[in-house]
Structures are given as C-alpha cells and as structure tokens.
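Just below is one structure, and these are the notes that go with it.
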C-alpha cells in the first residue's frame with residue numbers, strides 16, 4: 001500500500017526490452033534501506049525491486065502493466081514519481097493507494113491561478129462513477145482531490161508544493177497520466193452490487209476451468 005505522497009522524482013536510466021521489460025531508476029532518498037523484494041510505486045504502478053545498485057534500482061514490468069500504464073512507453077531520461085511502500089506506523093497523509101492503475105487519464109486543459117494550477121482531465125470510460133467531488137484520486141502516483149466531476153471530465157488543483165515535488169509540475173495539455181480511483185469506492189461497489197444468490201459448485205467449475 002502507498003499514500004500518494006511522493007518521496008522524490010527519479011530518473012529512468014535504462015530500459016531493456018526483449019525477453020521481458022526491465023527499467024533502471026536512479027534515485028537517492030528511496031534508495032535508503034531499499035532491498036530486492038521491496039515494493040516501489042513508479043509514477044503510479046507498484047513494481048517489485050529486483051536488484052539494487054549504489055544509486056539505482058531495477059524492476060521488471062509484466063506485459064499487463066506495460067500495456068495498461070504509461071510505463072509501457074518509458075524511455076531513458078524520463079522522470080518518474082517515486083514512493084516506497086507504506087510501513088506500519090508511517091503517517092497516512094494522502095489516501096490509501098494500491099499501486100494498481102485503473103486506466104489512463106488525459107489532460108484536457110491547464111489553467112494557472114497564481115501559484116497553483118487547475119488541471120482538467122478526461123478519464124477512461126467506466127471510471128467516472130468513482131469520481132466524487134472532494135473525493136480522492138491518484139494521478140501518476142500523486143494523491144489528489146477530485147473537483148467538479150461531470151461525466152468523464154474532472155479537475156484537480158495542484159498547489160505549489162505538488163508542482164515542485166512531482167512530475168505534475170511538468171505536465172502539459174495532452175499528456176497521459178496513470179489513474180487509480182479510490183480503493184474504498186471499489187470495495188463499496190463490490191459489496192453493494194454483489195450477487196448473493198449462491199456460489200454453487202456448478203457455477204464455480206466453468207470459471208475455474210477458464211481461469212486455469
């Protein structure tokens with residue numbers, strides 16, 4: 001689990017495509033105590049650290065992750081938001097973020113308002129039902145507050161600190177951002193919409209056959 005509070009901006013120094021898809025990310029703060037097997041959110045998606053060097057870590061992307069997130073088009077030199085997994089006892093300053101991206105949102109407009117920016121976005125079809133005014137959303141791993149949702153459009157306000165500490169300070173109209181909706185909203189939807197007619201063996205058997 002993560003909080004959506006970015007620890008630092010890392011730099012992708014290597015991208016290896018072929019048998020699998022591996023990236024190397026240079027960082028400083030998140031390297032402290034980082035070891036193989038740890039989880040790190042890289043601009044939203046949760047990746048497992050496979051190898052650690054002095055100033056960088058290496059992680060592989062599953063094909064599903066590469067296809068469903070902007071990391072699939074990662075290039076050397078790209079800057080990424082980094083956050084290590086939440087530890088018991090750590091402060092929860094943002095909101096609960098799983099690191100499982102639900103879709104890719106597109107920036108439709110950016111309006112400067114003093115030291116802040118109001119960013120309007122278009123979310124993928126089907127995710128708009130999770131957008132609640134003043135609710136939470138994670139964009140490229142950053143915990144933000146939803147403002148004025150209307151259909152698939154919504155906006156977020158980026159304060160000066162967020163602009164300085166995350167890659168969202170470099171965002172432009174047309175950019176694509178990894179989007180994760182509120183985890184609690186998805187659980188509520190599942191509970192309220194669950195079919196409790198019974199999970200008989202007859203119903204489960206075809207599903208198991210398809211799954212395996």
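Based on Cα coordinates alone, diagonalise the gyration tensor for the range 8-84, multiply each eigenvalue by 5, take square roots, and list the semi-axes in whole Å, largest first.
With the √(5λ) rule applied to the range 8-84, the semi-axes are 18, 12, 12 Å.
The label point for residue 113 and the one for residue 73, both projected 7 Å from the Cα toward the Cβ, are 2.9 nm apart.
Fully extending the segment from residue 32 to residue 172, taken as 0.36 nm per residue of separation minus the present Cα-Cα distance, adds 47.2 nm. In the chain, the DSSP-assigned H stretches of four residues or longer account for a calculated mean residue ellipticity at 222 nm of -4500 deg cm²/dmol, using -39500 (n - 2.57) per stretch and the full residue count as denominator.
Fully extending the segment from residue 186 to residue 153 would add 10.0 nm, taking 0.36 nm per residue of separation and subtracting the current Cα-Cα distance.
Working from Cα pairs under 8 Å separated by at least six residues, relative contact order for the range 8-84 is 40 percent. Extending 7 Å from Cα along the Cβ direction at residue 132 and again at residue 17 yields two label points whose distance is 4.0 nm.
What percentage of all Cα-Cα pairs in the chain are separated by more than 33 Å? Counting pairs separated by more than 33 Å, the tail of P(r) holds 20 percent.
Normalising the Debye intensity of the range 48-91 to I(0), with uniform scatterers on Cα atoms only, and taking log10 at q = 0.23, 0.30 Å⁻¹ returns -1.04, -1.21.
Rule-based calculations on the coordinates, nothing more; no lab input. Since we're looking at a predicted model, the values are computed, not measured. Cβ atoms come from the backbone with ideal geometry, glycine included; neighbour counts cover every protein chain shown.
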